[in-house]
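Note sheet for the following structure.
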Amino acid sequence: MSRRGLLLFLTVAVLWGVPYLLISVALEGMGPVSIVAGRVALGAAVLTPLAWRLGLPGLLCKHWRPLLLLAAVEVIVPFTLIAVAERTVPSGLTGVLIATEPLFVLALSLFWGQRERLARGAWIGVVLGFCGVVVLLGVNGVGAGALLVLFAAAFYAAGVLLMHRLFPDVPPLTVTAGMLTLAAGPLLVAAAAFEPAPQITSRVLLAVIVLGVACTAGGFTGFFALITAEGPARASFITYLAPVVAVVAGVAVLDEPVTSHAVAGTLLILAGAAVAARRPARKGTESSTIPVPESTCPDAHGASVAANSPSDIHAEAEES
């Protein structure tokens, strides 16, 4: 990895690892829907000018229906589930549970993709990840909220497959800007209608601004630059570093506890996701595995955007 690529990699890992911490801080004075509405509106405001010349107006005019569906699946629902869950779930644990997204991508591909048998390594990864989730759900007091985070990860995975099917040839930055633009309106209306007025403090306001401008808009921009510099295969390793950043940030800033269950579950989930996401060599293996779109664990950081064709992913993996 080049020096520029390494810098981009570390920057994006931080920007996509700290949103869970920022959501916890913002919950001190805002409701979950208000937080999501604020970060989405800010992200759209920053990304829209960047995507305007890449065809955003045409995309919004001609394909607003499928784009609205994608916005609901990949932004509105998972963002809100994560914010609601963090009322009871520590920010670090939230970041780890979101790392199960590649496992959901794999599972959903059984039904939405080509129905072929999975490689043995993929099944091992699924089992490891499932064991990690069981260990984490055994931590007292986080079971119900953790389930919401897992649902969010499943929606992220569905969004990856939808994006791959609906917009395979559209620049990811344009699709992301379009999703955020269409999601901002309904979220702002819902926040105004169903949640009390926010109790804004400088700490809460700063958390929302950083969440929307830096983590959402800046994170996506940096991630696309990383793909350009190093390719999607190497960029996808953000999936495994961002949860570590989330755990460290929660411990350092919010004094969140680190238990043996949390450590064991984290290691099992990350190992399972890594094994399940491994793609075999091109020769002699394509007929025995399901081609799964490349996905990046979103977060609360934003939509998963690196949806590439299976052939492109195999080529990148070989080059790496």
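If I ask for residues that are among the small types (G, A, S) and open to solvent by 50 Å² or more (accessible area, probe 1.4 Å), which ones from segment 156-188 would you list?
Scanning segment 156-188 gives no hits.
Within segment 23-42, is there a residue that is farther than 22 Å from L97 by Cα, part of a helix (DSSP H, G or I) and of a type in the set (S, T, Y)?
Within segment 23-42 (the criterion being farther than 22 Å from L97 by Cα, part of a helix (DSSP H, G or I) and of a type in the set (S, T, Y)), the answer is yes, since at least one residue qualifies.
Take L166 and tell me if it is at negative phi and at pLDDT 90 or above.
When the stated conditions are applied, L166 does not pass them.
Name the single residue, out of those in segment 84-100 being of a type outside the set (S, T, Y) and assigned to a loop (DSSP other than H, G, I, E, B), that is farthest from the chain's Cα centre (by Cα). Please lay out each step first, then the result.
Just the residues of segment 84-100 that are of a type outside the set (S, T, Y), to begin with: 84-87, 89-90, 92-93, 95-99.
Narrowing the set further to residues that are assigned to a loop (DSSP other than H, G, I, E, B) leaves 86-87, 89-90, 99.
Numbers: E86: 16, R87: 19, V89: 17, P90: 17, A99: 8 Å.
Among those that are of a type outside the set (S, T, Y) and assigned to a loop (DSSP other than H, G, I, E, B), it is R87.
For F111, indicate whether it is aromatic (F, W, Y), at pLDDT below 75 and either open to solvent by 60 Å² or more (accessible area, probe 1.4 Å) or part of a helix (DSSP H, G or I) (or both).
So F111 fits the description; yes.
Restricting to segment 11-59, count the residues that are farther than 18 Å from F223 by Cα, open to solvent by 30 Å² or more (accessible area, probe 1.4 Å) and not hydrophobic (A, V, I, L, M, F, W, C).
Looking only at that region, the number is 5.
Scan (1) among the β-branched types (V, I, T); (2) open to solvent by 70 Å² or more (accessible area, probe 1.4 Å); (3) farther than 30 Å from L67 by Cα for the single condition T228 breaks and write down its number.
Condition (3) is where T228 drops out.
The values are calculated or read from the model by the stated rules, or taken from the named source; none is laboratory data. Please read these numbers as outputs of a predicted model, since none were measured by experiment. When the accessible area is computed, the model is the full protein with side chains, heavy atoms only, and any ligands, DNA or RNA have been set aside. Shrake-Rupley method; radii C 1.70, N 1.55, O 1.52, S 1.80 Å.
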